[in-house]
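Take a look at the structure below.
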Amino acid sequence: MIFGKTRLELKVGIFVFIGLVILVTFVLLIGDFKTWTSGYSINFMFNFVNGVKIGAPVRFAGVDIGEVKDIEFVFLPQEKKVKVKMIGWVKEEVKIPIDSTVWVNTLGLLGEKYVEIMPGEDHNNYLSPDQTLVGADPIAMHEMAELARRIAGNIDESIVKIKNKEGTVGRLLYDDTVYKELEALITDIRKHPWKLLSQPKEKPKKR
């Protein structure tokens, strides 16, 4: 009787152990932990990251190679300003040239923000673990809005000049003198086509 109870407890224990293994494996897969993959950390320094979050993908030439592990503020005494430091994890087999460029990119217009690394050309020197790569800051939305406002203002100003018969385009559209001069030039060339082949005489140089 005791032997049968022991066998039952053993079966229950094995079943519970298998269940725990499956649960842990499932949690690791859902969390996308890099437990089974070796890699190293590199730092990205920005003035502005435009909403990049921890866990955002890190891409190298458009290929996913890691993710953002941490984001923190760093004060640089030499520049007397606060910058954003992103700590990225990348796969060990990926070698990043030291002259590579990095910036914050977006999937589509309003998609997920991620870190994009464009490979450099110095294949003799690669980033070592915990080395820093200075990034190009993305354009903020208010700067884009200001740029659009300036472009619209320039377009309106150009339209007003054209309507007022100002500038080259305005004269071409509204001033008949330009058409008459052009017509006279075409007529003269038709009568004297040799003028197209003649070269203007050089003025004698003064001594």
Legend entry - Under 10 Å, Cβ to Cβ, from residue 85 - net charge with Lys/Arg +1 and Asp/Glu -1: -1
Legend entry - Length released on extending from residue 69 to residue 53, taking residue separation times 0.36 nm less the Cα-Cα span: 4.9 nm
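Every read-out reported here was derived from the displayed coordinates using simple, explicitly stated rules and does not represent laboratory data. None of the values given here were measured: they were computed from a predicted structure. As a convention, Cβ positions derive from the backbone with ideal geometry for all residues, glycine included, and neighbour counts pool all protein chains shown.
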